[in-house]
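The values are calculated or read from the model by the stated rules, or taken from the named source; none is laboratory data. Note that the structure is a prediction, hence the values are computed from the model and not measured. Ligands, DNA and RNA are stripped out before the accessible areas are found, and what is left, the full protein with its side chains, is counted by its heavy atoms. Shrake-Rupley method; radii C 1.70, N 1.55, O 1.52, S 1.80 Å.
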Amino acid sequence: MIIPYTELSEDALAALIEDFVTRDGTDYGWDEMSRQEKTTHLLALLKSGELLISYNVATESCGLLAKGELE
């Protein structure tokens, strides 16, 4: 299930993004980015529709996925 980022509270959205950027193995290419830069980048991708919030009913968990992963 895809959840529009606008349906989450600011706190819930911030927590979801924070969880994602602090995971081990998250790769942002050749350039190192600060935590704030990663957060800003992900929020911009959510707003543009290139990044989506997915919710798995079976596991009751949320995640972020690129639009291309959905198709």
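Data overview
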| quantity | calculated |
| --- | --- |
| Angle in degrees between helix 10-21 and the longest Cα principal axis of the chain, rounded to the nearest 10 | 60 |
| The chain: Rg to Rh, with Rh as the Kirkwood radius over Cα pairs | 0.95 |
| Accessible surface of region 30-71 [probe 1.4 Å, protein heavy atoms]: carbon and sulfur percent | 53 |
| Using alpha-carbon coordinates, inclination of helix 35-48 to the longest axis of the chain, degrees | 50 |
